[in-house]
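These notes concern the structure reproduced below.
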Amino acid sequence: MVISNTDKELKIIEKWCKGCGICVEFCPKDVLEVLDETIFIRDLENCIKCGFCELRCPDYAIYLEGDSNE
Amino acid sequence: MNTGSQLIKNNFRVEKLPHIWCPGCGHGILMRAVTEAIENLNLDKKKVCIVSGIGCSSRAPGYMDFNTLHTTHGRALAFATGIKLAKPELKVIVITGDGDCTAIGGNHLIHAARRNIDITTIVFNNNIYGMTGGQYSPTTPKNEFGTTAPFGNIDKAFDVCKLADGAGATYVARGTAYHVKQLIKLVEKGINNKGFSLIDAISICPTYYGRKNKKGLAVDMMNYLKDNAVDVKAVKKFQKEILEDKFVIGEFKNTTEPEYTDEYNKILEKVKHLHK
Ligand SMILES: Cc1ncc(C[n+]2csc(CCOP(=O)(O)OP(=O)(O)O)c2C)c(N)n1
Ligand code: SF4
Ligand code: SF4
Ligand code: SF4
(Lines give C-alpha, C1' and ligand atoms only; values in the text may rest on other atoms or scores of the structure.)
(Ligands and ions follow the chains in the order given, each with its own letter.)
Protein backbone atom coordinates (compact mmCIF):
# COMPACT_ATOMS: atom_id res chain seq x y z
CA MET A 1 0.00 0.00 0.00
CA VAL A 2 1.25 3.43 -0.85
CA ILE A 3 0.77 5.90 1.97
CA SER A 4 0.95 9.53 0.97
CA ASN A 5 2.70 12.01 3.21
CA THR A 6 -0.51 13.72 4.15
CA ASP A 7 -1.91 10.52 5.65
CA LYS A 8 0.87 10.44 8.20
CA GLU A 9 0.37 11.71 11.68
CA LEU A 10 3.06 13.40 13.78
CA LYS A 11 3.30 11.73 17.18
CA ILE A 12 5.32 12.44 20.30
CA ILE A 13 6.11 10.42 23.41
CA GLU A 14 6.79 13.00 26.09
CA LYS A 15 8.03 10.40 28.55
CA TRP A 16 10.86 9.39 26.23
CA CYS A 17 11.93 12.92 25.27
CA LYS A 18 15.12 14.22 26.90
CA GLY A 19 14.76 17.75 25.57
CA CYS A 20 17.97 17.77 23.51
CA GLY A 21 16.48 20.09 20.87
CA ILE A 22 17.90 18.24 17.86
CA CYS A 23 14.49 17.77 16.20
CA VAL A 24 13.70 21.47 16.76
CA GLU A 25 16.99 22.64 15.21
CA PHE A 26 16.65 20.62 12.02
CA CYS A 27 12.91 20.84 11.39
CA PRO A 28 12.69 22.66 8.04
CA LYS A 29 9.33 24.26 8.92
CA ASP A 30 9.88 25.44 12.50
CA VAL A 31 7.07 23.24 13.77
CA LEU A 32 8.64 22.19 17.05
CA GLU A 33 9.76 23.69 20.32
CA VAL A 34 11.23 22.43 23.59
CA LEU A 35 9.19 23.64 26.56
CA ASP A 36 10.23 22.68 30.08
CA GLU A 37 12.73 20.19 28.65
CA THR A 38 10.04 18.35 26.70
CA ILE A 39 9.09 18.38 23.07
CA PHE A 40 6.05 20.41 22.10
CA ILE A 41 4.35 20.65 18.70
CA ARG A 42 3.85 24.37 18.23
CA ASP A 43 2.67 24.60 14.69
CA LEU A 44 1.27 21.33 13.33
CA GLU A 45 -0.31 23.16 10.37
CA ASN A 46 3.13 23.80 8.90
CA CYS A 47 4.43 20.25 9.25
CA ILE A 48 5.29 18.77 5.84
CA LYS A 49 5.73 15.25 7.29
CA CYS A 50 9.31 15.06 6.05
CA GLY A 51 10.34 12.75 8.92
CA PHE A 52 13.66 14.45 9.65
CA CYS A 53 12.69 14.77 13.31
CA GLU A 54 12.11 11.03 13.51
CA LEU A 55 15.39 10.18 11.77
CA ARG A 56 17.46 12.29 14.16
CA CYS A 57 15.68 11.96 17.49
CA PRO A 58 18.16 10.05 19.68
CA ASP A 59 15.30 8.86 21.90
CA TYR A 60 12.57 7.87 19.38
CA ALA A 61 10.23 10.33 21.08
CA ILE A 62 8.90 11.89 17.85
CA TYR A 63 7.76 10.07 14.73
CA LEU A 64 5.30 9.87 11.90
CA GLU A 65 2.66 7.23 12.30
CA GLY A 66 1.55 5.46 9.15
CA ASP A 67 4.94 5.93 7.50
CA SER A 68 6.50 3.66 4.91
CA ASN A 69 7.91 1.33 7.56
CA GLU A 70 4.45 0.37 8.67
CA MET B 1 0.99 3.03 26.49
CA ASN B 2 2.56 4.36 23.32
CA THR B 3 5.68 2.35 22.53
CA GLY B 4 6.89 4.24 19.51
CA SER B 5 6.87 3.97 15.74
CA GLN B 6 6.42 0.69 13.92
CA LEU B 7 10.19 0.54 13.31
CA ILE B 8 10.81 0.83 17.06
CA LYS B 9 8.10 -1.69 17.96
CA ASN B 10 9.43 -4.17 15.39
CA ASN B 11 13.10 -3.96 16.32
CA PHE B 12 13.50 -2.89 19.94
CA ARG B 13 12.92 -4.30 23.39
CA VAL B 14 10.56 -1.40 24.00
CA GLU B 15 10.13 -2.19 27.69
CA LYS B 16 13.78 -1.11 28.09
CA LEU B 17 13.22 2.34 26.53
CA PRO B 18 14.03 5.15 27.01
CA HIS B 19 17.66 4.08 26.84
CA ILE B 20 20.30 5.08 29.37
CA TRP B 21 22.27 7.43 27.06
CA CYS B 22 22.56 11.15 27.87
CA PRO B 23 20.25 13.76 26.31
CA GLY B 24 21.41 14.40 22.74
CA CYS B 25 23.80 11.43 22.61
CA GLY B 26 24.37 10.51 18.97
CA HIS B 27 24.40 6.80 19.74
CA GLY B 28 20.58 6.72 19.82
CA ILE B 29 20.42 8.11 16.29
CA LEU B 30 22.95 5.57 15.03
CA MET B 31 21.22 2.63 16.74
CA ARG B 32 17.94 3.51 15.07
CA ALA B 33 19.68 3.82 11.69
CA VAL B 34 21.19 0.34 12.04
CA THR B 35 17.75 -1.18 12.70
CA GLU B 36 16.25 0.68 9.76
CA ALA B 37 18.97 -0.77 7.51
CA ILE B 38 18.24 -4.28 8.82
CA GLU B 39 14.51 -3.77 8.26
CA ASN B 40 15.04 -2.41 4.74
CA LEU B 41 16.97 -5.57 3.87
CA ASN B 42 14.06 -7.75 5.08
CA LEU B 43 16.42 -9.94 7.05
CA ASP B 44 14.97 -12.76 9.12
CA LYS B 45 15.41 -11.50 12.70
CA LYS B 46 16.33 -14.98 13.88
CA LYS B 47 19.25 -14.92 11.48
CA VAL B 48 20.70 -11.64 12.76
CA CYS B 49 23.18 -11.57 15.63
CA ILE B 50 24.38 -8.28 17.09
CA VAL B 51 27.57 -8.32 19.14
CA SER B 52 29.21 -5.56 21.17
CA GLY B 53 32.05 -4.99 23.62
CA ILE B 54 31.91 -2.54 26.53
CA GLY B 55 31.22 1.18 26.41
CA CYS B 56 28.22 3.48 26.05
CA SER B 57 28.02 2.43 22.39
CA SER B 58 28.29 -1.23 23.29
CA ARG B 59 25.08 -1.02 25.30
CA ALA B 60 23.11 -0.83 22.03
CA PRO B 61 22.43 -4.58 21.65
CA GLY B 62 20.73 -4.56 25.06
CA TYR B 63 17.90 -2.58 23.47
CA MET B 64 17.78 -4.30 20.08
CA ASP B 65 15.37 -7.21 19.64
CA PHE B 66 17.60 -9.70 17.80
CA ASN B 67 20.03 -12.38 18.90
CA THR B 68 22.40 -10.20 20.91
CA LEU B 69 25.63 -10.60 22.80
CA HIS B 70 27.24 -7.99 25.08
CA THR B 71 30.81 -9.17 25.63
CA THR B 72 33.99 -7.78 27.23
CA HIS B 73 35.86 -4.57 26.43
CA GLY B 74 37.59 -4.74 23.06
CA ARG B 75 36.62 -8.33 22.30
CA ALA B 76 33.41 -7.93 20.30
CA LEU B 77 35.15 -9.00 17.08
CA ALA B 78 36.74 -12.02 18.73
CA PHE B 79 33.33 -13.26 19.92
CA ALA B 80 31.77 -12.35 16.57
CA THR B 81 34.44 -14.36 14.73
CA GLY B 82 33.56 -17.41 16.82
CA ILE B 83 29.84 -16.97 16.17
CA LYS B 84 30.34 -16.57 12.43
CA LEU B 85 32.56 -19.66 12.18
CA ALA B 86 30.12 -21.77 14.21
CA LYS B 87 27.03 -20.45 12.38
CA PRO B 88 28.03 -19.00 9.00
CA GLU B 89 24.35 -18.64 8.06
CA LEU B 90 23.94 -15.78 10.57
CA LYS B 91 24.29 -12.13 9.63
CA VAL B 92 26.74 -11.00 12.30
CA ILE B 93 26.79 -7.28 13.07
CA VAL B 94 29.21 -5.73 15.54
CA ILE B 95 28.42 -2.45 17.30
CA THR B 96 31.49 -1.03 18.98
CA GLY B 97 33.03 2.24 20.19
CA ASP B 98 36.19 3.97 18.96
CA GLY B 99 37.88 2.89 22.20
CA ASP B 100 36.46 -0.61 22.12
CA CYS B 101 37.36 -1.12 18.45
CA THR B 102 40.62 0.73 17.90
CA ALA B 103 42.35 0.87 21.31
CA ILE B 104 41.99 -2.32 23.37
CA GLY B 105 40.31 -4.08 20.43
CA GLY B 106 42.63 -2.83 17.68
CA ASN B 107 44.33 -6.16 17.21
CA HIS B 108 41.04 -7.98 16.72
CA LEU B 109 40.01 -5.33 14.23
CA ILE B 110 43.04 -5.65 11.99
CA HIS B 111 42.90 -9.44 11.95
CA ALA B 112 39.16 -9.65 11.32
CA ALA B 113 39.73 -7.27 8.40
CA ARG B 114 42.75 -9.25 7.17
CA ARG B 115 40.74 -12.46 7.17
CA ASN B 116 37.86 -10.79 5.34
CA ILE B 117 35.41 -12.63 7.58
CA ASP B 118 31.78 -11.82 6.76
CA ILE B 119 31.03 -9.49 9.68
CA THR B 120 29.68 -5.94 9.48
CA THR B 121 31.27 -3.64 12.05
CA ILE B 122 29.69 -0.30 12.85
CA VAL B 123 31.93 1.94 14.94
CA PHE B 124 29.92 4.44 17.00
CA ASN B 125 32.79 6.92 16.88
CA ASN B 126 32.45 9.77 19.39
CA ASN B 127 36.19 10.52 19.59
CA ILE B 128 36.40 9.73 23.32
CA TYR B 129 35.85 7.10 26.02
CA GLY B 130 32.33 8.12 27.02
CA MET B 131 31.44 5.45 29.53
CA THR B 132 34.45 5.93 31.76
CA GLY B 133 34.26 9.71 31.86
CA GLY B 134 36.11 11.26 28.93
CA GLN B 135 39.59 9.77 28.52
CA TYR B 136 41.09 10.42 25.07
CA SER B 137 40.82 7.58 22.55
CA PRO B 138 42.76 6.70 19.39
CA THR B 139 40.30 8.85 17.41
CA THR B 140 40.58 11.98 19.58
CA PRO B 141 42.03 14.60 17.25
CA LYS B 142 45.52 15.91 18.00
CA ASN B 143 45.61 18.86 20.43
CA GLU B 144 42.12 18.18 21.75
CA PHE B 145 41.33 17.43 25.37
CA GLY B 146 40.33 14.50 27.52
CA THR B 147 40.58 13.80 31.25
CA THR B 148 43.81 11.95 30.45
CA ALA B 149 45.02 14.79 28.20
CA PRO B 150 44.38 17.90 30.34
CA PHE B 151 46.95 19.92 28.34
CA GLY B 152 46.00 18.55 24.93
CA ASN B 153 46.42 15.20 23.21
CA ILE B 154 49.79 14.78 21.45
CA ASP B 155 48.85 11.55 19.63
CA LYS B 156 47.86 11.58 15.98
CA ALA B 157 44.32 10.21 15.54
CA PHE B 158 43.56 7.03 13.63
CA ASP B 159 41.58 7.32 10.44
CA VAL B 160 39.48 4.21 11.16
CA CYS B 161 38.52 3.81 7.50
CA LYS B 162 42.11 3.88 6.26
CA LEU B 163 43.07 1.46 9.01
CA ALA B 164 40.35 -1.02 7.99
CA ASP B 165 41.16 -0.58 4.31
CA GLY B 166 44.87 -1.15 4.87
CA ALA B 167 44.20 -4.24 6.97
CA GLY B 168 42.06 -5.84 4.23
CA ALA B 169 38.39 -4.97 4.81
CA THR B 170 36.43 -5.28 1.55
CA TYR B 171 33.73 -2.71 2.32
CA VAL B 172 34.68 0.58 3.99
CA ALA B 173 32.55 3.68 4.50
CA ARG B 174 31.96 6.63 6.80
CA GLY B 175 28.66 8.22 7.79
CA THR B 176 27.43 10.49 10.56
CA ALA B 177 24.60 10.91 13.05
CA TYR B 178 23.52 13.97 11.04
CA HIS B 179 23.50 12.33 7.58
CA VAL B 180 21.13 9.56 8.61
CA LYS B 181 19.60 8.58 5.27
CA GLN B 182 23.05 8.10 3.78
CA LEU B 183 24.19 6.16 6.84
CA ILE B 184 21.27 3.73 6.51
CA LYS B 185 22.29 3.01 2.88
CA LEU B 186 25.94 2.51 3.87
CA VAL B 187 24.98 0.04 6.59
CA GLU B 188 22.74 -1.83 4.13
CA LYS B 189 25.59 -2.12 1.65
CA GLY B 190 27.98 -3.18 4.39
CA ILE B 191 25.64 -5.95 5.49
CA ASN B 192 25.20 -7.09 1.88
CA ASN B 193 28.95 -7.32 1.31
CA LYS B 194 30.14 -10.90 1.73
CA GLY B 195 33.30 -10.13 3.64
CA PHE B 196 34.52 -7.77 6.34
CA SER B 197 32.70 -4.45 6.26
CA LEU B 198 33.47 -1.44 8.41
CA ILE B 199 31.31 1.63 8.72
CA ASP B 200 32.83 4.48 10.72
CA ALA B 201 29.69 6.15 12.07
CA ILE B 202 30.56 9.55 13.53
CA SER B 203 28.57 10.09 16.71
CA ILE B 204 28.36 12.96 19.19
CA CYS B 205 29.10 12.82 22.92
CA PRO B 206 27.92 16.16 24.28
CA THR B 207 28.58 15.09 27.88
CA TYR B 208 32.32 14.38 27.70
CA TYR B 209 33.88 15.09 24.33
CA GLY B 210 31.63 18.11 23.88
CA ARG B 211 32.24 19.62 27.31
CA LYS B 212 35.96 18.88 27.42
CA ASN B 213 36.46 20.53 24.05
CA LYS B 214 33.93 23.37 24.29
CA LYS B 215 31.94 22.06 21.34
CA GLY B 216 28.66 23.38 22.72
CA LEU B 217 25.38 21.54 23.04
CA ALA B 218 24.19 18.47 21.14
CA VAL B 219 22.61 20.77 18.55
CA ASP B 220 25.95 22.56 17.98
CA MET B 221 27.76 19.26 17.59
CA MET B 222 25.16 18.10 15.04
CA ASN B 223 25.68 21.37 13.16
CA TYR B 224 29.41 20.69 13.17
CA LEU B 225 28.78 17.35 11.44
CA LYS B 226 26.46 19.03 8.96
CA ASP B 227 28.89 21.83 8.10
CA ASN B 228 32.18 19.93 8.04
CA ALA B 229 31.45 16.64 6.30
CA VAL B 230 32.45 16.50 2.63
CA ASP B 231 31.09 13.71 0.47
CA VAL B 232 33.79 11.59 -1.11
CA LYS B 233 32.19 12.22 -4.51
CA ALA B 234 32.66 15.98 -4.06
CA VAL B 235 36.20 15.93 -2.66
CA LYS B 236 37.81 16.81 -5.99
CA LYS B 237 35.91 20.09 -6.12
CA PHE B 238 37.55 21.37 -2.95
CA GLN B 239 40.96 22.96 -2.56
CA LYS B 240 43.39 21.10 -0.32
CA GLU B 241 43.52 23.89 2.28
CA ILE B 242 39.75 23.87 2.70
CA LEU B 243 39.70 20.10 3.12
CA GLU B 244 42.21 20.24 5.98
CA ASP B 245 39.52 21.23 8.47
CA LYS B 246 36.88 18.91 7.02
CA PHE B 247 36.27 15.18 7.12
CA VAL B 248 35.19 12.94 4.28
CA ILE B 249 32.07 10.74 4.31
CA GLY B 250 30.64 8.20 1.90
CA GLU B 251 31.75 4.88 0.46
CA PHE B 252 35.53 4.41 0.17
CA LYS B 253 35.87 0.77 -0.82
CA ASN B 254 33.57 -1.93 -2.16
CA THR B 255 35.41 -4.96 -3.48
CA THR B 256 35.10 -8.74 -3.51
CA GLU B 257 37.66 -11.16 -2.15
CA PRO B 258 37.58 -14.73 -0.80
CA GLU B 259 35.68 -14.84 2.49
CA TYR B 260 37.07 -16.52 5.58
CA THR B 261 34.29 -18.97 6.51
CA ASP B 262 34.09 -20.10 2.85
CA GLU B 263 37.83 -20.70 2.79
CA TYR B 264 37.63 -22.57 6.08
CA ASN B 265 34.85 -24.79 4.76
CA LYS B 266 36.99 -25.62 1.71
CA ILE B 267 39.70 -26.87 4.05
CA LEU B 268 37.14 -28.98 5.91
CA GLU B 269 36.03 -30.51 2.59
CA LYS B 270 39.62 -31.27 1.69
CA VAL B 271 40.40 -33.17 4.87
CA LYS B 272 37.02 -34.89 5.28
CA HIS B 273 38.31 -38.25 4.02
CA LEU B 274 40.84 -38.39 6.86
CA HIS B 275 37.97 -38.86 9.31
CA LYS B 276 36.27 -41.80 7.60
C1 LIG C 1 39.48 -4.80 30.12
C2 LIG C 1 38.83 -3.49 30.42
N3 LIG C 1 39.56 -2.36 30.40
C4 LIG C 1 38.99 -1.17 30.64
C5 LIG C 1 37.66 -1.09 30.92
C6 LIG C 1 37.02 0.25 31.21
N7 LIG C 1 36.27 0.77 30.09
C8 LIG C 1 34.96 0.55 29.98
S9 LIG C 1 34.28 1.27 28.63
C10 LIG C 1 35.80 1.92 28.19
C11 LIG C 1 35.95 2.81 26.97
C12 LIG C 1 34.71 3.08 26.23
O13 LIG C 1 34.96 3.90 25.12
P14 LIG C 1 34.38 3.59 23.69
O15 LIG C 1 34.61 2.18 23.32
O16 LIG C 1 34.92 4.60 22.76
O17 LIG C 1 32.80 3.73 23.87
P18 LIG C 1 31.89 4.97 24.31
O19 LIG C 1 31.62 4.78 25.79
O20 LIG C 1 32.63 6.23 24.01
O21 LIG C 1 30.67 4.81 23.47
C22 LIG C 1 36.79 1.54 29.09
C23 LIG C 1 38.18 1.97 29.00
C24 LIG C 1 36.90 -2.30 30.91
N25 LIG C 1 35.58 -2.30 31.12
N26 LIG C 1 37.50 -3.46 30.67
S1 SF4 D 1 8.00 15.89 9.97
FE2 SF4 D 1 9.45 17.44 9.17
S3 SF4 D 1 8.24 19.33 9.17
FE4 SF4 D 1 7.12 17.89 10.49
S5 SF4 D 1 7.89 18.31 12.55
FE6 SF4 D 1 9.17 16.66 11.73
S7 SF4 D 1 10.95 17.71 10.85
FE8 SF4 D 1 9.32 19.26 11.14
S1 SF4 E 1 15.11 15.11 19.29
FE2 SF4 E 1 13.83 13.71 20.49
S3 SF4 E 1 14.65 13.80 22.58
FE4 SF4 E 1 15.47 15.57 21.46
S5 SF4 E 1 14.00 17.23 21.90
FE6 SF4 E 1 13.31 16.27 20.00
S7 SF4 E 1 11.83 14.70 20.64
FE8 SF4 E 1 12.98 15.29 22.47
S1 SF4 F 1 28.79 9.85 28.03
FE2 SF4 F 1 28.77 10.51 25.89
S3 SF4 F 1 28.69 8.60 24.69
FE4 SF4 F 1 28.08 8.11 26.81
S5 SF4 F 1 25.84 8.26 26.82
FE6 SF4 F 1 26.64 10.25 27.47
S7 SF4 F 1 26.77 11.46 25.58
FE8 SF4 F 1 26.57 9.32 24.98
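Residues in the range A:8-22 that are in contact with an Asp or Glu (Cβ under 9 Å, 6 or more places away or on another chain), within 10 Å of chain B (Cβ to nearest Cβ) and either more than 6 Å from ligand 3 (Cβ to nearest atom) or in a helix (DSSP H, G or I) (or both): A:Lys11, A:Ile13, A:Trp16.
Going by the structure shown, is B:Thr68 farther than 30 Å from A:Val34 by Cα, more than 9 Å from chain A (Cβ to nearest Cβ) and not in a helix (DSSP H, G or I)? Against the criterion (farther than 30 Å from A:Val34 by Cα, more than 9 Å from chain A (Cβ to nearest Cβ) and not in a helix (DSSP H, G or I)), B:Thr68 qualifies. Taking the criterion of being out of contact with any strand residue (DSSP E or B) (no Cβ under 9 Å at 6 or more places or on another chain) and either in contact (Cβ under 8 Å) with a residue 24 or more places away in the chain or surrounded by 14 or more Cβ atoms within 10 Å (Cβ to Cβ) (or both), the residues of the range B:228-259 that qualify are B:Thr256, B:Glu257, B:Pro258, B:Glu259.
Those residues that are in a loop (DSSP other than H, G, I, E, B) and either at pLDDT below 95 or surrounded by 24 or more Cβ atoms within 10 Å (Cβ to Cβ) (or both), I need them from the range B:104-116; list them, please. Quick ask: steps written out before the conclusion?
Just the residues of the range B:104-116 that are in a loop (DSSP other than H, G, I, E, B), to begin with: B:104-105, B:116.
Of everything in the range B:104-116, those that are in a loop (DSSP other than H, G, I, E, B) and either at pLDDT below 95 or surrounded by 24 or more Cβ atoms within 10 Å (Cβ to Cβ) (or both) turn out to be B:Gly105, B:Asn116.
Annotation note: Cβ proximity below 9 Å between a residue of the range B:100-112 that is within 16 Å of ligand 4 (Cβ to nearest atom) and a residue that is charged (D, E, K, R) (sequence gap 6+ or interchain) occurs for B:Asp100/B:Arg75.
For (1) within 20 Å of B:Ile29 (Cα to Cα); (2) modelled with pLDDT of 95 or more; (3) touching a Cys at 6+ places or on another chain (Cβ under 6 Å), each residue gets a yes or a no:
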{"site": "B:Ala218", "(1), (2), (3)": "yes, yes, yes"}
{"site": "B:Asp227", "(1), (2), (3)": "yes, yes, no"}
{"site": "B:Val232", "(1), (2), (3)": "no, yes, no"}
{"site": "B:Lys237", "(1), (2), (3)": "no, no, no"}
{"site": "B:Lys240", "(1), (2), (3)": "no, no, no"}
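Across the range B:30-52, the number of residues qualifying as acidic (Asp, Glu) and either at the interface with another protein chain (Cβ under 10 Å from one of its Cβ atoms) or surrounded by 18 or more Cβ atoms within 10 Å (Cβ to Cβ) (or both) comes to 2. Restricting the range B:15-29 to residues that are within 9 Å of chain A (Cβ to nearest Cβ) and assigned to a helix (DSSP H, G or I), the residue that is surrounded by the fewest Cβ atoms within 10 Å (Cβ to Cβ) is B:Ile29. Say whether the condition of being more than 16 Å from ligand 4 (Cβ to nearest atom), outside any loop (DSSP other than H, G, I, E, B) and at pLDDT 95 or above is met by at least one residue in the range A:55-62. Within the range A:55-62, one or more residues are more than 16 Å from ligand 4 (Cβ to nearest atom), outside any loop (DSSP other than H, G, I, E, B) and at pLDDT 95 or above.
The values are calculated or read from the model by the stated rules, or taken from the named source; none is laboratory data. In this text the structure is predicted, and so the values were computed from the model without any measurement. So basically every Cβ, Gly included, is an ideal-geometry build from the backbone, and we count neighbours across all protein chains shown.
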